[in-house]
1. Kindly express, to the nearest 10 degrees and within the range 0 to 90, the angle between helix 248-258's C-alpha long axis and the longest C-alpha principal axis of the chain.
2. For Rg and Dmax of the Cα atoms in Å, the listed values are (i) 27.5, 91; (ii) 33.8, 109; (iii) 21.4, 67; which was obtained by calculation from the structure presented?
3. What is the local net charge at Asp65, summed over the other residues whose Cβ is closer than 11 Å to its Cβ (Lys, Arg +1; Asp, Glu -1)?
4. Counting Lys +1, Arg +1, Asp -1, Glu -1, what net charge surrounds Trp226 among other residues with beta carbon under 13 Å of its beta carbon?
5. Measure off, as a whole percent, the carbon and sulfur share of the 1.4 Å-probe accessible area of the chain, all protein chains present.
6. So if I take the centroid of the Cα atoms in segment 148-162 and the same for segment 290-337, what is the distance between those two points in Å?
7. How do Arg55, Arg13, Arg353 rank by accessible surface area computed with a 1.4 Å probe, from largest to smallest?
8. Sort 97-103, 149-155, 205-211 by packing, meaning the average of other beta carbons within 10 Å per residue, with the highest value first.
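The values are calculated or read from the model by the stated rules, or taken from the named source; none is laboratory data. Remember, predicted model here, so these are calculated numbers, not experimental data. For neighbour counting, all protein chains shown are included, and Cβ atoms are generated from backbone atoms with ideal geometry for every residue, glycine included. With ligands, DNA and RNA removed, areas are computed over all heavy atoms of the protein, side chains included. Shrake-Rupley method; radii C 1.70, N 1.55, O 1.52, S 1.80 Å.
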Amino acid sequence: MSARLAERDILARMAEGVCAVPAADWDACAGDGNPFVAHAFLSALEESGSATAQRGWQPLPILIDGADGRPAAIAPAYAKSHSQGEYVFDHAWADAWERAGGRYYPKLQIASPFSPVPGPRLLLRDEALAPALIGALETVVRQNGLSSAHATFVDPEQVPLFEAAGWLIRSDRQFHWANHGYACFDDFLSALASRKRKAIRKERAAAVEGLEIAHVSGSDLTEAYWDAFWHFYQDTGSRKWGRPYLTRQFFSLLSERMSDKVLLILALRDGQPIAGALNLIGMDTLYGRYWGAVEEVPFLHFELCYYQAIDAAIARGLARVEAGAQGEHKLARGYEPVATWSAHFIPDPGFRRAVADYLESERRAIANEIDVLAEMGPFKRGG
């Protein structure tokens, strides 16, 4: 499928999946800052059967070629037959549209599947092509009679591009840890109020009693470790989502293709893993993704997912830890509220007006919530 954009006579094309695009061409557009838009990550989702049409995630990346004949702009797009695995919830929009007699699905999703991680949604080797790429997304929606397009967890620097094109902007919030030049974990603790420092030290001591903590990356990531983590992931996934999104093969492919970007933090009892947290390493950020355990240990979740992640980020000189969606409990542990953004294209004027009104009030509420949460943080006042 292709779409000619008359205003610049630019031809956009749709590939039959991420795997149909050469990895070098894809990564020349995606860059190396965010692992969740790398060809290795997205192709592993596709090849492992995790993000496929059968699972409701049909990969349909949209590309614009440059003068050299290679892709110069790519949107990681998917035809979605449901709203699962996105972490930006539009179920109420779907219900309203279908009660009005419309068909909400399939919709066009521009995202990294199952990953509530801010990042570029317009992968640009030529930044001048951003408006044309957004126009191509709109054309796909209109030509195929789709209800909408949704770019979720958009890098803040790209939000103005969607806004200039008239897309509706939605906000939410997450909790991220910021590295203010700390040399060690105790440096970070020194920035906290005394009561919070004591609470964290107590939690950490209780969590690791009788356990060994291991950071595993690169060639040390054996299939035995992934077998153990798969049990952790299945347990958490079945409790949260009913069915885990990722297949077992995905983790093997991830390890095979980008092991240097993977950090598995494990808790071992008598040499056997009982819990683990999976992180990906970006250019300046450690991204916490999945966690699970086969043994209940007080505070172990906090230790592996938050405190050990801080240790790892400081050791690597990384600027941030992004620990995923939700979780007000992160606030007391030094993770601060930050805004996240998504952009939405809705061609029907009436439906667009209704959603726009809702988003305006929602943005105000989110901004107020972030202000309130920031005041509740554990840091010393005036520090």
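1. Approximately 90 degrees, to the nearest 10.
2. Step by step, Rg and Dmax of the Cα atoms in Å for this structure corresponds to label (iii).
3. Once positives and negatives cancel, what remains is 0.
4. -3
5. Result for the chain: 50 percent of the exposed heavy-atom area is carbon or sulfur.
6. 26 Å
7. Ranking Arg55, Arg13, Arg353 by accessible area, largest first, yields Arg353, Arg13, Arg55.
8. The densest-packed peptide leads the list: 149-155, 205-211, 97-103.
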